[in-house]
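The values are calculated or read from the model by the stated rules, or taken from the named source; none is laboratory data. Computed from a predicted model, the values in this text were never measured in an experiment. Glycine also receives a Cβ, built like all others from the backbone with ideal geometry; neighbour counts cover every protein chain displayed. Side chains are part of the model used for accessible areas, which takes the heavy atoms of the whole protein and leaves out ligands, DNA and RNA. Shrake-Rupley method; radii C 1.70, N 1.55, O 1.52, S 1.80 Å.
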Amino acid sequence: MLAYIARRLLLLPFIVLGVTVLIFLMLQLLSPYARLALYIQDPAQLKDPRQLERLIELYGLNDPVLVPFTHRPLEISLGFTTLRIAGDPDCGFICYCHCSPQYLRWLGEVVRGNLGWSETDKMPVLSALISRFPATLELAIFAILPLVLIGVLLGVLAAVYHNRPLDHTTRILSIMGYAFPTFVFGLLMLMLFYGRLGWFAPERLTQWASDIVQNPTLFTRFTGLNTIDALLNGRWDVFFNALSHIVLPVLTLSYVSWALIVRITRSAMLETLRQEYVTVARAKGQRELIVILKHACRNALIPVATISGLSFVGLLNGVVITETIFNYRGLGKFAADAAYNLDIPSVLGFTLFSTTILVAMNLLVDMLYAWIDPRVRLD
Amino acid sequence: MIKRLLKNPISVTGLVLVLFFTLIALAAPVLAPPPRPCQPLLSYWVPAWILEGFGQKVQPCNPYKIPQDGRWATPKPPSEKHPMGTTAYQYDILYGLIWGTRTAFNVGLTVTLSILLIGLVLGALSGYYGRWVDELLMRITEIFLAFPFLVAAMVLTAILGRGLDKVMIALVVFGWPTYARLVRGEVLSAKEREYVLAARASGASDFRIIFRHVLPNTIYPALVLASLDMGSMVLSAAALSFLGLGSGTGYADWGQMISFTRNYLTDLDEYWYTVIYPGGAILFFVLGWNLLGDAFRDVLDPRLRGVKS
């Protein structure tokens, strides 16, 4: 088990490095002027054209990306162009590539937390991410817990009542859920529950509640999560208001993953119920409930653990669309607005953030997997 | 195989849906003739470069541009002139839906076939040669898979600039690794089989072994995934279009048509037709391919054969 985890941890830096290299290479498609916004913290610097040239020089944005070196200068003629490779006498006989100074400088800025200027929120990208994070966290918490619990329960029930009405209903619902585009589902929810019935509203809070929350004398912000802060402040009216605003986004965000979890649980459970040890348990005269819970479920839930991790990808993808539809001011709406304005530093900031979360989650799921299923450790 | 497909009502539903959309795409010029017809008429179905190869003169023509009935900014409900109503700025919804079917097939086929091809080649190389080739390629796929798919596609599209072609490029760039992994796994187990050993013993080249013996026996799971992706890639493209990264205003593209609703999210009850019709088109297109993909899986995966699920 330890060796398995160690191997996973050893691979982690390579993935993180690879991710940054890939992003850096994608950024090279932009002009140096467009890339400049990734480095600066003050938009006034972008106004003066003479300043621009100086900054490009300063950050080395015109430097070559790959700097190949050999021990002797080389010229390779390709017909339409000639490749010139600088010589470096210190370099050994084998050619090697210096790491691009431009990449290292960019990486250094990222590590220091300088993600550039966000034109969308008119503040540095990192501050924008931090200020919008609690809203999205709140959404994710409310989306994940019911998702996994109800999804697994329905999946197990569908398998136990195989080919009965419950099974058919769940199956059709989960197939529909799988095909239902997030934004169409979200728009329908908004149309029905806000437009027609007026039950739930978009945005994070109604105006009166938002006024209370933003007033420091009435309301202390502990976490930035509206529901939890409302409880800590003892404001039940705000709590219920926040809750009513979060219902639709949570539904929209989680139904796709929900369909996936039900589907996987159902098929894993069906597979397990056919195993011989289940038959043996039944033959022993074990009660059916015990057979299902102790013998079948524990084995069937192994793939479900992986899928729960995978459905996290769905959440990260879905959060952009969902928050846009419900005008819910979180990270997803930030990314969507930024993408609409082609505000690269902001979109990239969100990408870095969500990729980091995803890599961490994958690692966690893998470890969980090794813990649940002893067979993995023996590989 | 076809008999098995037709026995299951779910697969039949999928097949019917996909055939329905195929027919609409093929009959688009008849169902919704553009205000200025393209010349020659054959250019609706045959790419211009083929026609020109036969010495035909093809006039530039863009039937994908939805005809506009005025410039009024609020949508108008269904009427005799516009059976499904109009979007904001008076683009006819029915016309957009019909030609949007072609756009959906264009996007789906281009993206899916590209990632299938890339995935097959890289997966086969990785699985067959093993060692450092495998190590290198698999580490690269891991990097691509570390990104949330839609977010990554979004950032690449934003970097490349708006446009449906940019969206497709982004989907291909982040779509292939799944296939490469799948094919690699299949190739790994196939290359140890007797028929591969027999081919090698008879002196076949690596190229011949991979393309004549290994790939034909390992391609099915990738094909199943591709049929599922025909739907989901169109969905991703529509999502990016919805965010305003896709084709320009007035292009017949389902996601782009829905993106108008972003301007009146609180009045959807009144403008229901701007959501229901394009949304329904996307839903049933994706549903059709999903059901068909599931059916293919049941038919092609021998492990599930004989098991009633």
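Here are the numbers for the structure shown:
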| quantity | calculated |
| --- | --- |
| Nearest-ten-degree value, helix A:101-111 long axis tilted from longest Cα axis of chain A | 40 |
| Net +/- balance of residues flanking A:LEU289 in space, Cβ distance below 15 Å, scoring K and R +1, D and E -1 | +4 |
| Hull volume in cubic angstrom per residue (convex hull over the Cα atoms of chain B) | 185 |
| Debye log10 I(q)/I(0) at q = 0.13 Å⁻¹ for the stretch A:130-378, Cα point scatterers | -0.91 |
| Leading residue at positive end of dipole, chain A (Cβ point charges), from A:LEU147, A:LEU248, A:PRO13 | A:LEU147 |
| Antiparallel bridge percentage (DSSP; both residues within the protein assembly as shown; nearest 5) | 85 |
| DSSP H segments from chain B that extend 30 Å or more along their own axis, Cα-based, with Kyte-Doolittle mean of -1.0 or above | B:9-31, B:93-129, B:164-190, B:215-242, B:273-300 |
| Positions from the stretch A:264-285 whose accessible area shrinks by 30 Å² or more when the full protein complex is built, not the chain alone, probe 1.4 Å | A:ARG274 |
| Stokes-Einstein diffusion coefficient of the stretch B:98-209, Kirkwood radius over Cα pairs, 37 °C, 0.692 mPa s, in µm²/s | 209 |
| Residues of chain B: accessible area per residue with a 1.4 Å probe, Å² | 47 |
| Net charge of neighbours whose Cβ lies under 13 Å from the Cβ of B:ILE210, counting Lys and Arg as +1 and Asp and Glu as -1 | +3 |
| Interface residues in the stretch A:1-47 - accessible area drops by 20 Å² or more relative to the isolated chain, probe 1.4 Å | A:LEU11, A:ILE15, A:GLY18, A:VAL19, A:LEU22, A:MET26, A:LEU29, A:LEU30 |
| Highest to lowest packing among B:95-107, B:28-40, A:201-213, scored as the average C-beta count within 10 Å | B:95-107, A:201-213, B:28-40 |
| Qualifying lysines (Cα of each under 25 Å from Cα of A:LYS47; at least 8 residues distant if same chain) | A:LYS122 |
| Convex hull per residue volume in Å³, alpha carbons only, for the stretch A:208-251 | 66 |
| Computed Kirkwood radius, in angstrom, where 1/r is averaged over Cα pairs of the stretch B:21-101 | 13.9 |
| Residue of B:TYR91, B:TYR64, B:TYR129 that the Gaussian network model of chain B assigns the largest fluctuation, springs spanning Cα pairs under 10 Å | B:TYR129 |
| Rg(Cα)/(2.2 N^0.38 Å) for the stretch B:182-309, N = residue count | 1.58 |
| Convex hull of Cα atoms in the protein assembly as shown, direction-averaged projection (nm²) | 40.0 |
| Long-range HN-HN contacts of A:ASP343 with modeled amide H, under 5 Å | none |
| Spread of Cα-to-Cα distances over 5 Å intervals beginning at zero, given as percent, for the stretch B:250-290 | 5, 23, 28, 23, 13, 6, 2 |
| Cβ-defined net charge surrounding B:SER259, 13 Å radius [Lys, Arg +1; Asp, Glu -1] | +1 |
